[in-house]
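S.K.: This is the structure I want to talk about, given as structure tokens.
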Amino acid sequence: PYNIDTRIEPVFIEMDGWHENICDIRNYDDLPETMKNYIKFIEKETGIAITLISVGPDRDETIFKPSL
């Protein structure tokens, strides 16, 4: 929040990236492992399950992530 009175220190976590072109992928299992690890990290840190992953600007460039 913009008006917080507590000093906050950012935490930077370095993670492996991916170099593969993911634009044509439509199945979660076909995504690069490093991307799936990144998604799992975000879910763990936020406590919120990710259900949609966009791999491009068009509507058909969306992956519905299966729930575990």
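S.K.: Please give the peptides 41-51, 25-35 ranked by average Cβ packing (other Cβ atoms within 10 Å per residue), highest first, as a rough proxy for protection. Each step should come with its number before you reach the end.
M.R.: Values: 41-51: 10.5, 25-35: 13.6.
Highest to lowest by the protection proxy: 25-35, 41-51.
S.K.: Now for a different question. With a 1.4 Å probe and all protein chains left in place, how much of the accessible area of the chain comes from carbon and sulfur atoms, in whole percent? Show your work: numbers first, answer last.
M.R.: On the way: 3180 of 5990 Å².
It is 53 percent, rounded to a whole number.
S.K.: Which Cα, out of Phe12, Cys23, Pro66, lies furthest along the positive dipole direction of the chain (beta carbon charges, K/R +1, D/E -1)?
M.R.: Farthest towards the positive end: Pro66.
S.K.: Here is a follow-up. Using the heavy atoms of the protein chains alone and a 1.4 angstrom probe, what is the accessible area of the chain per residue in square angstrom? All intermediate terms of the calculation are to be shown ahead of the outcome.
M.R.: On the way: 5990 Å² over 68 residues.
Heavy-atom accessible area per residue stands at 88 Å².
S.K.: May I ask you to evaluate 6.51 cos²θ - 1.76 cosθ + 1.60, the Karplus curve with θ = phi - 60°, for each residue of the stretch 15-27 and list the ³J(HN,Hα) values in order in whole Hz, giving x for glycine and proline?
M.R.: Per-residue couplings from phi come out as 10, 5, x, 9, 10, 5, 7, 9, 4, 9, 7, 10, 10 Hz.
S.K.: When the label point is put 7 Å from the Cα of Thr46 along its Cα-to-beta-carbon vector, which residues of the stretch 12-27 have a backbone N closer than 19 Å?
M.R.: Only 12-18 pass the distance filter.
S.K.: Additional query: With runs of 4+ DSSP H residues as the only contributors, calculate the mean residue ellipticity of the chain at 222 nm using -39,500 (n - 2.57) per run, divided by the residue total and rounded to the nearest 500.
M.R.: On the way: 1 runs with 14 residues, N = 68.
For the chain, the value works out to -6500 deg cm²/dmol.
S.K.: About the Cα centre of the chain, what is the dipole size in debye to 20, counting +1 per Lys and Arg Cβ and -1 per Asp and Glu Cβ, all else neutral? Show your work: numbers first, answer last.
M.R.: On the way: 7 positive and 14 negative charges, 55 e Å.
Dipole of the chain, to the nearest 20 debye: 260 debye.
S.K.: Could you please report the charge total around Trp18, scoring K, R as +1 and D, E as -1 over all other residues with beta-carbon less than 13 angstrom from its beta-carbon? Before the final figure, lay out the partial values.
M.R.: Working: positive: Lys36; negative: Asp16, Glu20, Asp30, Glu33.
For residues surrounding Trp18, the net value is -3.
The values are calculated or read from the model by the stated rules, or taken from the named source; none is laboratory data. Predicted model only: the values in this text are computed from it and were never measured. Using ideal geometry, Cβ is built from the backbone for each residue, glycine included, and neighbour counts are taken over all protein chains shown. Accessible surface areas use protein heavy atoms only, side chains included; no ligands, DNA or RNA. Shrake-Rupley method; radii C 1.70, N 1.55, O 1.52, S 1.80 Å.
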